[in-house]
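A.B. asks: Take a look at this one; I'll ask things after.
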Amino acid sequence: MTSMPPTLSPSRTTCASLLHELQLLWDEIGENDSDRDKMLLQLEQECLNIYRKKVEKTRKYKADLHQTLAEADAEITDIVSALGEHATFSRGRGTLKEQISAIKPTLEELRSKKQERIREFFELQSQVVRICAEIAGNGQNTSSSDPQVNESDLTVRKLGELKSHLRELQNEKLQDLGRTLIELWNLMDTPVDEQKRFEHVTSLISSSVDQVSRQGCLALDVIEQTTVEVERLNVLKTTKMKELVFKRQNELEEIYRGVHMDVDSDAACQILASLIDSGNVDLDDLLSSMDDQIAKAKEQALSRKDILDKVEKWRYATEEEKWLEEYERDENRYSAGRGAHKNLKRAEKARNLVSKIPSICENLTAKVKAWEMEKGIPFLYDKVPILRSLEEYIVLRQEKEEEKRKFREQKRLQDVLAAEQEARFGSRPTPKKPLGQSTCANTMVGTPTGRRVVTPSGRHGISAGKEHRESGRVNNIIPVNYVALPKDDSTSQGS
């Protein structure tokens, strides 16, 4: 029976022992030398390949260690540069692993220091961004994006500059809050006792950063307290601003009414109320917009002033014209009654003014046309185009003048016939009611009685009827076809 080769424990197995065991196995098998040489050559090649792979892997590991050292060196250099420090370090002259072990604590320390510095920068920049947004009025939108820290410049000098900038902004915010407080106090008529609680803030409006810092007013609790007070007052301001907006609207309407411009007060108030209730409009902007409208309205009013003065002169002239017509129809105007002397003087002035009405209308028309050409819009007076009022008045006045001319011609014929009758029959009979007259002795049939003259202030009625006193008594009989007309005052006075 063939004896089995001794079995070696794995811990003592070597290449030589394995080769010896392989030789014994081949002897038992009966392998020839040629086959043995081939198998040994194959085995040697396989071992060589294993060694070669191991060497390549070890070579790569060595390269990775060199890369790790190089990256560590570069990172340390970058961190030291970013922190603005001049620290030196040595990794020694040992093996690669020893060098890595030597450099690792330094690198970890610098990394920790860098992260701490980044945190400081982030906190400071966050405060800067928040305060800037609040100063700009966008305090509600600061959470949408975080500040970006520049990790290439984390020096103590840069940190100091950022802290200084933050103090300036805090001071500016505090001063801005102080100014806002004063504005709100003035707007709300806040009592002096309430204002004293923040007197230490409002007193710093013109102070420098150093002065404010020395007084300790840049503390966060002071700023927060002031901010809360401003927010409280802003809530009250909303109600006050509504009152101011409607006050501005009333002022705007008064300007328009003062120059007889059309304004829809109810519609304007409804629009303002809707805007305010919607909450989609900033009351400060709305108030500013209304101030602009008031300024524009004043400019418009100023551009209309010259024409309005002439319109008032025209209106006064037409009123005097109406009064003069009524005065001249009064048969007792020359009686020695109370106020007769004053009326005579007024009538004299009225005649002089009425004689100027054509030139007044002509000048006013020219002014209005020039204004409309410049502005590109019609000149309205209480919603009515003034040119249309002028044209209607001129037409009616011409009709009145024509009626007066006919009246005077009829009266002249009456006087001629009356004189002929008196020459033929000797005495004058009591005149009968003239043909064509109504039962009213002072009103002529055929003369427009209800006609009204158009003026800017409305359609003031100026009677176009002709009322005159009788020219005299005719003793003779007047023919049936004879029209008796009263004498005109100027004729009777002239005679």
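Each reported figure results from applying straightforward, stated rules to the coordinates on display, with no laboratory input. None of these values were measured; they are calculated from a predicted model. Heads up, the Cβs are rebuilt from the backbone with ideal geometry, glycines too, and the neighbour counts pull from every protein chain shown.
A.B. asks: Please work out the Cα convex hull volume for the stretch 234-384 and give it in Å³ per residue.
C.D. replies: 159
A.B. asks: Another one. Can you compute 3J(HN,Hα) from phi for each residue in the stretch 110-127, using the Karplus curve 6.51 cos²θ - 1.76 cosθ + 1.60 with θ = phi - 60°, rounded to whole Hz and x for Gly and Pro?
C.D. replies: Coupling constants for the stretch 110-127: 5, 4, 4, 5, 5, 4, 5, 5, 4, 4, 4, 4, 4, 5, 5, 5, 4, 5 Hz.
A.B. asks: Further question on the same structure: Could you give the length gained on full extension between ALA133 and GLU422, defined as 0.36 nm per residue of separation minus the Cα-Cα distance, in nm? Each step should come with its number before you reach the end.
C.D. replies: Working: separation 289, 0.36 × 289 = 104.04 nm, distance 10.64 nm.
Fully extending the segment from ALA133 to GLU422 adds 93.4 nm.
A.B. asks: Please list 3J(HN,Hα) in residue order for the stretch 341-355, calculated via the Karplus relation 6.51 cos²θ - 1.76 cosθ + 1.60 where θ = phi - 60°; whole Hz, with x for glycine and proline.
C.D. replies: 5, 5, 5, 4, 5, 4, 4, 5, 5, 5, 4, 5, 5, 5, 5
A.B. asks: Beyond 22 Å between alpha-carbons counts as too far, so tell me which of LYS54/LYS97; LYS173/LYS242; LYS305/LYS345; LYS322/LYS400 fall in that bin.
C.D. replies: On the way: LYS54/LYS97 19 Å; LYS173/LYS242 27 Å; LYS305/LYS345 31 Å; LYS322/LYS400 12 Å.
Distance filter (> 22 Å) returns LYS173/LYS242; LYS305/LYS345.
A.B. asks: For each of TYR316, TYR381, TYR256, count neighbouring Cβ atoms within 10 Å of the residue's Cβ, then give the residues from fewest to most.
C.D. replies: Details: TYR316 12, TYR381 23, TYR256 15.
The order, fewest Cβ neighbours first, is TYR316, TYR256, TYR381.
A.B. asks: Arrange the following residues from fewest to most other Cβ atoms within 10 Å of their Cβ: VAL416, VAL149, VAL129, VAL311.
C.D. replies: Numbers: VAL416 10, VAL149 18, VAL129 15, VAL311 24.
Starting with the residue having the fewest Cβ neighbours, the order is VAL416, VAL129, VAL149, VAL311.
A.B. asks: With r as the distance between the Cβ atoms of ARG412 and ASN352 and R0 = 22 Å, compute the FRET efficiency 1/(1 + (r/R0)^6) and round to 0.05. Walk me through the numbers before you get to the answer.
C.D. replies: Working: r = 26 Å, r/R0 = 1.18.
Plugging the Cβ-Cβ distance into 1/(1 + (r/R0)^6) gives 0.25.
A.B. asks: Also, quick follow-up: At a Förster radius of 56 Å, what calculated FRET efficiency corresponds to the Cβ-Cβ distance of LEU236 and GLU75, to the nearest 0.05? Don't jump to the answer; show the numbers that get you there.
C.D. replies: Details: r = 58 Å, r/R0 = 1.03.
The calculated FRET efficiency here is 0.45.
A.B. asks: Now for a separate question. Can you tell me which of 365-378, 39-52, 163-176 comes out highest on packing, and rank the rest after it, using the mean Cβ neighbours within 10 Å? All intermediate terms of the calculation are to be shown ahead of the outcome.
C.D. replies: On the way: 365-378: 12.5, 39-52: 10.9, 163-176: 17.5.
Ranking, from highest mean packing down: 163-176, 365-378, 39-52.
A.B. asks: LYS196 to SER274: extension gain in nm, 0.36 nm per residue of separation minus the Cα-Cα distance?
C.D. replies: Using 0.36 nm per residue and subtracting the Cα-Cα distance, I get 24.3 nm.
A.B. asks: Quick one: length gained pulling ARG179 to LYS305 fully straight, 0.36 nm per residue minus the C-alpha distance?
C.D. replies: Numbers: separation 126, 0.36 × 126 = 45.36 nm, distance 4.05 nm.
41.3 nm is the gain from fully extending ARG179 to LYS305.
A.B. asks: Specify which residue in the list SER265, TRP371, TYR327 is farthest towards the positive end of the charge dipole of the stretch 243-377, using unit charges on the beta carbon of Lys, Arg (+1) and Asp, Glu (-1), about the Cα centre.
C.D. replies: Projecting each Cα onto the dipole axis, the largest value belongs to TYR327.
A.B. asks: Now, a different point. Each label point is 7 Å from the Cα along the Cα-to-Cβ direction; what then is the distance between the points at ASN332 and VAL228, in nm?
C.D. replies: 8.5
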